[in-house]
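Rule-based calculations on the coordinates, nothing more; no lab input. The model shown is predicted, which means the values in this text are computed figures rather than measured ones. Here Cβ is always computed from backbone atoms with ideal geometry, including for glycine, and neighbour counts include all displayed protein chains.
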Amino acid sequence: MAVLVIAEHDNASLKAATLNAVSAAARIGGDIHVLVAGSACAAAAEAAARIAGVARVLRADAPHLAAQTAENVAELARGLAEGYSHVLAPATSAGKNLLPRVAALLDVAQISDIVAVEDADTFVRPIYAGNALATVRSVDPVKVVTVRSTAFPAAPDGGAATIEAIAAGADLGLAALVRREIVPSARPELGAAKIIVSGGRGVGSGENFRALLEPLADKLGAALGASRAAVDAGYVPNDYQVGQTGKIVAPELYIAVGISGAIQHLAGMKDSKVIVAINSDPDAPIFQVADYALVGDLFALVPELSEAV
Amino acid sequence: MKILVPVKRVVDYHVSVRVKADGSGVDVSNVKMSMNPFDEIAVEQAVRLREAGVATEVVAVSCGAAACQETLRAAMAMGADRGILVDCGEADAVELQPLAVAKLLKALCEREQPALAICGKQAIDDDASQTGQMLAGLMGWPQATFASRMALEGGQAMVTREIDGGLETLAIRLPAVITSDLRLNDPRYATLPNIMKAKKKPLDTVRPADLGVDVAPRLTTLRVAEPPGRSAGVRVADVAQLIDKLKNEAKVI
């Protein structure tokens, strides 16, 4: 039996999280097929065919898949799934939107956000904001699984899979995309960045965020993140949020500035390789997970750091 | 127009849970339980729609042990008009998984015929983020998950969703499922008079068998473990020492 990975893409290119999902598929075993569902998505399909380990790419190309709405893509995936032992997607906002619907249509459980594959039926996933790890076994004929990107390496290039055009399935006409507002950014994507500079309520304002943290992030080539407190206070947009209900990140270096370290925030970043915390409160919980703790006034320390790196 | 709002009883947001020594699960005895925070946002949204005259009735549903009545009373104290408990026996007897809950909700949607179900986007205990999407799939309804803004107009909902990198707005036909993200609203606190009033609101109880739903779990939890711990590191004296450590010890810059 083969594993079907549903690619996340924007028709022109693949999202990096797809590569991590392919690595998880490789741990399960069996041939790996990748579904690229979109409109005028030949370039994305070609990129999927170049991933090492992928045997076949299934390209479903039709105008009604342009927005990749969950309703139409789930209907398509339902039709394909019976030939597969597993259906995987990255545990991104798109994957989390889509895969439970696919599972429900197949009358099987969905396994969310796996961080390890024990065998083809058994997976490890975090619960309670990462305060516990549950090992779960599925008895369903098809396992429908979302993959936490930070827990699996990106599959390398080097494949030469065949690309097969498949029927695009029905247009259910239930949902229409009105608009998408993607904020263009010159910085690396939060989920894929090697270094993240992240700010909390201690930063004090949106102006401070720009004046203090942006120069540091620019110097380091880092992505910018934030705690929920900073997002709720309106310092930065919602998609900066790192934590249980925001993004889960695991960069090489995570610099937490003015973040106290609520468990919901730690859930999103504690798998980072190296954590630096800068905070004026020596008792802040963030220091319990930080490799390097710098206690002091962030308004003095951060500019000094930006200057020195 | 009727709105159905599923609410889940979970370990309170502020409680730090501990894994049981035998690895069978997390210890939830004698800890504070509350309504899942995302479900509070869903209740608030439904109640606002009724207060605005868009909706006529808000029905809260909770699936689980008898203690979920407290969660339903909390939803009614916020303004839900009535509650339905799907009594699944004591929590230890059966583990309710998202697919089973979605099937129970489907049966109730067929009975109650709501135009809209508003769910929390994720429960903070199992962190699954599945039930709303599954309900939409089972009903053949459209879905708008992770909503930060919504408006109902002319038989459809315009919903702004939080996606990676920004926002998207969907137009979905009703009936539909919407799941709430944090930014959808700030839920109100129940006032004492409303808490008293909620005690008199109707609360029906049904069992899964009455709804013809098999709630047997599909996933078996083999064990639950503590994640590998992370210990506190070292305190650095100043920026120069920090940079030295990052360059020469951690080698990350």
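Which peptide among A:41-50, A:241-250 comes first, and what is the full order, when sorted by highest mean count of other Cβ atoms within 10 Å? Don't skip to the answer; put the middle values down first.
Working: A:41-50: 20.7, A:241-250: 23.5.
Per-residue mean Cβ counts within 10 Å order the peptides as A:241-250, A:41-50.
With R₀ set to 35 Å, the beta-carbon distance separating B:Arg111 from B:Glu226 gives a calculated FRET efficiency near 0.25. The amide H of A:Ala2, built 1.01 Å from its N in the peptide plane, has A:Ser85 as neighbours under 5 Å, considering only residues 5 or more places off or on other chains.
Each label was represented as a point 7 Å from its Cα along the Cα-to-Cβ direction; for B:Ala151 and A:Asp107 these points are 4.2 nm apart.
Measuring how big chain A is from its alpha-carbon positions, Rg and Dmax come out at 20.6, 61 Å.
For a paramagnetic label modelled at 7 Å from the Cα of B:Ala66 toward its Cβ, which residues of segment B:190-230 fall within the zone defined by backbone nitrogen distances under 20 Å? The answer is B:199-211. Legend: calculated FRET efficiency, B:Asp12 to A:Ala167, from the Cβ-Cβ distance at R0 = 41 Å, rounded to 0.05, equals 0.25. In this simple spin-label model, placing a label point 7 Å from the Cα along the Cα-to-Cβ direction at both A:Ser205 and B:Ala21 gives a separation of 5.4 nm. Expressed as a fraction of 2.2 N^0.38 Å, the C-alpha radius of gyration for segment B:55-204 is 1.06. Working note: Debye formula, equal point scatterers on the alpha-carbon atoms of segment A:1-82, no solvent; log10 I(q)/I(0) at q = 0.17 Å⁻¹ is -0.60. Take the Cα radius of gyration of chain B and divide it by 2.2 N^0.38 Å, N being the number of residues; the result is 1.17. With R₀ set to 60 Å, the beta-carbon distance separating B:Val234 from B:Met1 gives a calculated FRET efficiency near 0.50.
Near the amide H of A:Ile111, within less than 5 Å, lie the amide hydrogens of A:Val144, A:Val145, A:Thr146, all on another chain or at least 5 residues away, with H placed in the peptide plane. Three semi-axes describe the equivalent ellipsoid of segment B:177-253; taken as square roots of 5 times the Cα gyration tensor eigenvalues and ordered largest first, they are 52, 27, 14 Å.
Of A:Tyr292, B:Tyr13, the sequence from fewest to most neighbouring Cβ atoms within 10 angstrom is B:Tyr13, A:Tyr292. With θ taken as phi - 60° and the Karplus curve 6.51 cos²θ - 1.76 cosθ + 1.60 applied, the whole-hertz 3J(HN,Hα) list for segment A:165-180 is 7, 10, 5, 8, x, 7, 8, 6, x, 8, 9, 10, 7, 8, 7, 10 Hz, x standing for glycine and proline.
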